[in-house]
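The structure under discussion appears below in the form of structure tokens.
The values are calculated or read from the model by the stated rules, or taken from the named source; none is laboratory data. Keep in mind that what you see is a predicted model, and the values were worked out from it rather than measured. Note that we place each Cβ from the backbone using ideal geometry, even for glycine, and neighbour counts take in every protein chain shown.
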């Protein structure tokens with residue numbers, strides 16, 4: 001079997017359904033094979049950075065490895081921001097890149113450069129047609145929840161693959177017994193709390209991810225989450241205190257500060273979660289529960305162990321989430337609020353970085369996993385639109401019946417605006433919202449193009465909104481249709497509220 005055939009067979013046998021690619025000379029064999037000789041849907045994006053963000057979005061909603069494909073040289077360098085974003089946000093992304101033939105590597109050949117710049121977590125250079133490179137890279141990305149790069153020289157595709165020898169294990173190996181034992185040591189904790197990060201999703205399928213919330217409702221100690229884990233349990237639930245940290249609620253931050261035992265599952269404890277002003281006061285009370293989640297039974301075991309061994313005296317105060325009474329709404333935040341109020345509660349919202357991200361986070365109550373998907377730790381402008389493309393393909397591939405909405409500022413939107421072409425070509429039902437305030441946050445004013453004319457050029461229906469009372473009818477129009485819709489919302493610049501810390 002040729003190595004090229006092995007790559008396609010391997011992906012098909014793993015159940016890979018979609019790959020996000022931009023063509024180029026050094027990846028032409030695999031690019032053509034995906035399009036012509038495989039069951040896999042090869043989606044052509046308009047820029048390599050977008051392929052990485054789309055693969056990232058695909059992973060976040062499906063919990064399956066997202067795959068992007070780019071050629072050598074500038075194709076690979078264009079992936080860098082997307083792979084860095086996936087690294088910072090712990091996303092399973094496999095980045096396949098091309099290279100010149102092995103006899104030209106290290107020489108001044110066309111598009112030949114060192115390729116280890118994509119190895120933020122780890123990378124593989126396929127120097128011979130050994131099957132283990134691909135198997136190991138895929139499994140490591142899946143289990144580590146990190147991007148892994150695979151660099152394939154052009155002459156490897158047509159070489160005979162080494163003989164297949166062994167099977168491999170996809171399971172996380174951290175012991176649930178160790179976590180149970182750790183919990184039992186803290187029976188005397190007076191104010192325990194469970195802090196959950198997105199690692200709670202482990203190696204679960206999407207159908208299992210949505211079951212976690214009902215299991216957690218039986219937990220008798222308070223629940224707080226990191227930003228990426230919001231929606232793992234419905235934030236309306238009486239024991240859910242929602243997000244903690246820099247943009248967390250006041251009561252969540254008060255809760256974690258007075259807790260004498262902060263049990264942590266799947267949280268990286270970044271500075272967004274534990275900001276400088278409270279970090280040192282909390283870290284010494286953090287108790288990491290290192291366990292590999294391979295089924296919802298693992299979560300049931302943890303909940304039962306807590307309930308049998310740890311009790312809480314916490315009483316949740318009312319109104320812990322931001323409401324209209326807690327700060328004075330400006331024009332920008334009022335329009336964000338109006339958009340959110342008219343969408344289904346379980347809508348998947350992707351954002352860029354900017355004012356809109358903060359207001360979406362503050363004003364949205366999350367009720368389902370991945371309600372909000374953002375570039376949490378990298379703050380990547382231009383993330384939202386291509387990420388929504390990956391999310392939408394993930395929803396289509398895995399029959400996830402939820403609406404997909406991209407909300408961007410007028411600065412970040414321009415960074416990957418070309419992906420309107422990908423949306424149009426695939427007729428993806430995505431509501432694409434552009435908040436037009438002609439500002440980059442506090443950094444200064446910007447000039448913006450006519451976004452509606454650009455949407456027209458791509459053949460996408462669109463509307464320009466000036467008043468809040470126009471939003472509801474236009475969101476309703478989108479929900480009734482099965483087409484993409486661009487909604488440009490004119491708004492005034494608005495200062496962000498101070499963090500509740």
Test: residue in segment 217-230 that is assigned to a helix (DSSP H, G or I) and within 30 Å of residue 65 (Cβ to Cβ):
no
Tell me which residues, restricted to segment 245-255, are in a helix (DSSP H, G or I) and touching a strand residue (DSSP E or B) at 6+ places or on another chain (Cβ under 7 Å).
251, 252, 255
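If you go through segment 448-458 one residue at a time, do you hit one that is surrounded by 14 or more Cβ atoms within 10 Å (Cβ to Cβ), closer than 28 Å to residue 17 by Cβ and over 26 Å from the mean Cα position of the chain (by Cα)?
From segment 448-458, those surrounded by 14 or more Cβ atoms within 10 Å (Cβ to Cβ) are 448, 451-452, 454-455, 458; that's our starting set.
With closer than 28 Å to residue 17 by Cβ added as a condition, the list becomes 458.
From what's left, over 26 Å from the mean Cα position of the chain (by Cα): 458.
Taking every residue of segment 448-458 in turn, at least one turns out to be surrounded by 14 or more Cβ atoms within 10 Å (Cβ to Cβ), closer than 28 Å to residue 17 by Cβ and over 26 Å from the mean Cα position of the chain (by Cα).
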Could you run through segment 31-54 and say how many residues are over 16 Å from residue 65 (Cβ atoms), in contact (Cβ under 8 Å) with a residue 60 or more places away in the chain and in a helix (DSSP H, G or I)?
2
Would it be correct to say that residue 105 is closer than 29 Å to residue 1 by Cα, without any contact (Cβ under 8 Å) to a residue 60 or more places away in the chain and not assigned by TED's automatic domain parsing to the domain that holds residue 382?
yes
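Looking at segment 269-277, can you tell me whether even one residue there is within 17 Å of residue 218 (Cβ to Cβ), in contact with a helix residue (DSSP H, G or I) (Cβ under 7 Å, 6 or more places away or on another chain) and either outside any helix (DSSP H, G or I) or not assigned by TED's automatic domain parsing to the domain that holds residue 188 (or both)? Step through it out loud before you land on a result.
Filtering segment 269-277 for residues within 17 Å of residue 218 (Cβ to Cβ) gives none.
The answer is no, given that none of the residues of segment 269-277 is within 17 Å of residue 218 (Cβ to Cβ), in contact with a helix residue (DSSP H, G or I) (Cβ under 7 Å, 6 or more places away or on another chain) and either outside any helix (DSSP H, G or I) or not assigned by TED's automatic domain parsing to the domain that holds residue 188 (or both).
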Within the set of pairs 6 or more residues apart or between chains, which connect a residue that is not assigned by TED's automatic domain parsing to the domain that holds residue 68 and surrounded by fewer than 19 Cβ atoms within 10 Å (Cβ to Cβ) inside segment 120-142 to a residue that is modelled with pLDDT of 95 or more and not in a helix (DSSP H, G or I) with Cβ atoms less than 6 Å apart?
none
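I need the full set of residues from segment 143-162 which are part of a loop (DSSP other than H, G, I, E, B) and either within 24 Å of residue 292 (Cβ to Cβ) or without any contact (Cβ under 8 Å) to a residue 12 or more places away in the chain (or both), in order please.
Here is the first cut: in segment 143-162, the ones part of a loop (DSSP other than H, G, I, E, B) are 145-147, 154-159, 161-162.
Residues satisfying the conditions are 145, 146, 147.
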Listed residues 76, 84; which is under 17 Å from residue 140 (Cα atoms) and part of a helix (DSSP H, G or I)?
84
The conditions are (1) out of contact with any helix residue (DSSP H, G or I) (no Cβ under 9 Å at 6 or more places or on another chain); (2) more than 30 Å from residue 492 (Cα to Cα); (3) at pLDDT 90 or above, and residue 254 fails exactly one of them. Which is it?
(3)
Within segment 234-244, identify whether any single residue is surrounded by fewer than 20 Cβ atoms within 10 Å (Cβ to Cβ), in contact with a strand residue (DSSP E or B) (Cβ under 7 Å, 6 or more places away or on another chain) and within 25 Å of residue 146 (Cβ to Cβ), and answer yes or no.
no
